[in-house]
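Peer 1: Okay, handing you the structure first.
The values are calculated or read from the model by the stated rules, or taken from the named source; none is laboratory data. Everything quoted here is computed from the prediction, not taken from an experiment. Cβ sites come from the backbone with ideal geometry, for glycine too, and all protein chains shown count toward neighbours. Heavy atoms of the whole protein, side chains included, go into the accessibility calculation; ligands, DNA and RNA do not. Shrake-Rupley method; radii C 1.70, N 1.55, O 1.52, S 1.80 Å.
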Amino acid sequence: MTSEKPKQNILMKPIWHLGGTFILSVFVLIIIISVNLLFTDRIPLVTGDGSFLSNVGIILWCVSATVCLFASMLIVDNKLPQARHFLMCSGLLTAYLLFDDFFELHERYFPMFFNIDEKIIYIILGIATSTIIIKYRQLILRTHYIVMLMSLGFLAISIASDGILNPIEIVYGMLVLVVLSIIYMYVLHRYLFKEYLLMVFLMSIGLCIAYITLQSNAEYSEYIFEESAKWIGIASWCSYYVHTAYQLVIDSFSNQ
C-alpha cells in the first residue's frame, strides 16, 4: 500500500519558511509605502484597488492558482490521490479569488446583479476554505501548515477590518492572544516556545507597529492596516502553495 505522507522540510524548516515569508512581504510593503510617501501623499493610489500593491497581489493569486493546478496534473494519481485532489481544489479556490480580486466581484457585480451582500460571499469562501482544510487535514499537517495559518490569519484580519471590526480592536485582541500563546507555550510546551520564538518576535513587532500607526490618527492609517494585512495574507498564501506543490510533486516522483 502506497503511503501518502509527503516528505517534510524539502527546502527549509517551517519556522524559516514562515519568517522568510513574513519578512520579505513586510519589506516589499515598506518599500511601496516609502516610495509613496516620497512622491505622493495619496496612499490609496499605491495600496488601493487597482493600485501597484493590489496588482502585485493579483499576480501572486495567479501564480498560486497556476502552480497548484499544474502540479496537480504532474502528480501520478495512483501515487498520491489525496495530494492531487488537494492541489486541484486549492487551485480552483485560488482561481476564484484571483478573478474576485481582479474584477471586484464581491464588491460590485454580486451586489449589483444578484443582490448578494459581500458578507455572504465572505461566509461562502470561509466555508469552502474550511471544507478543504478539514477534508485534507492529515495531508496539510505534514506540510508547512504554519505558513497557511499565517495567510488565513492575515486575510481574516483584512476582512474583519473592512467595516466589521475597528482595526484597533483587532490589534488589542491579537496582542492578548499573542501574550496568552507565549504563556501557554512557555509553561506547557517549551520546545514549541523555542521553535516559534522568531514568529512570536516578528508578530509582536508587527502588532506594535500597527498599534502605533492606528493610534497616531494619521490619514489613511486604517486603510493601510487593512491593505497591509491583505497583502501579507496573499504573499503567505502564494508562498505556502508554491512550497507545498513542489513538496508533493517531488514526493510523487520519488514514490514511483
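Peer 1: Quick one: helix 197-215 against the long Cα principal axis of the chain, what's the angle to the nearest 10°, folded into 0 to 90?
Peer 2: 20
Peer 1: Nearest 10 degrees, 0 to 90: what angle lies between the long axis of helix 52-74 and the longest principal axis of the chain (Cα atoms)?
Peer 2: The helix 52-74 is inclined about 10 degrees to the chain.
Peer 1: For L139, tell me the accessible area in Å² from a 1.4 Å probe, rounded to the nearest 10.
Peer 2: 0
Peer 1: Could I ask something else about it? Could you please state how large a percent of the accessible area of the range 119-245 is carbon and sulfur, counting protein chains only and using a 1.4 Å probe?
Peer 2: Carbon and sulfur together cover 71 percent of it.
Peer 1: Something else now. Let me have the 222 nm mean residue ellipticity of the chain computed from DSSP H runs of 4+ only, each contributing -39500 (n - 2.57), with the sum over all residues rounded to the nearest 500.
Peer 2: Helix contribution divided over all residues of the chain: -26000 deg cm²/dmol.
Peer 1: Can you give the FRET efficiency for Y223 and I182, using 1/(1 + (r/R0)^6), R0 = 30 Å, r = Cβ-Cβ distance, to the nearest 0.05?
Peer 2: With a Förster radius of 30 Å, E is 0.50.
Peer 1: Moving to a separate point now. How big is the charge dipole of the chain about its Cα centre, in debye rounded to the nearest 20, if each Lys and Arg gets +1 on its Cβ and each Asp and Glu gets -1 on its Cβ?
Peer 2: Here the size comes out at about 1220 debye.
Peer 1: Can you tell me the 0 to 90 degree angle between the C-alpha axis of helix 118-135 and the longest principal axis of the chain, rounded to 10?
Peer 2: 30
Peer 1: Right, something else. Beta carbons within 10 angstrom, averaged per residue: use that to sort the peptides 165-173, 228-236, highest first.
Peer 2: Packing order, densest peptide first, comes out as 228-236, 165-173.
Peer 1: Here is a follow-up. Tell me, what is the per residue accessible area of the range 170-240 in Å², probe radius 1.4 Å?
Peer 2: Normalised by residue count, the accessible surface of the range 170-240 is 57 Å².
Peer 1: Among the lysines in the chain, how many pairs, 8 or more places apart or on different chains, have alpha carbons under 19 Å apart?
Peer 2: Pairs that pass both the separation and distance tests number 7.
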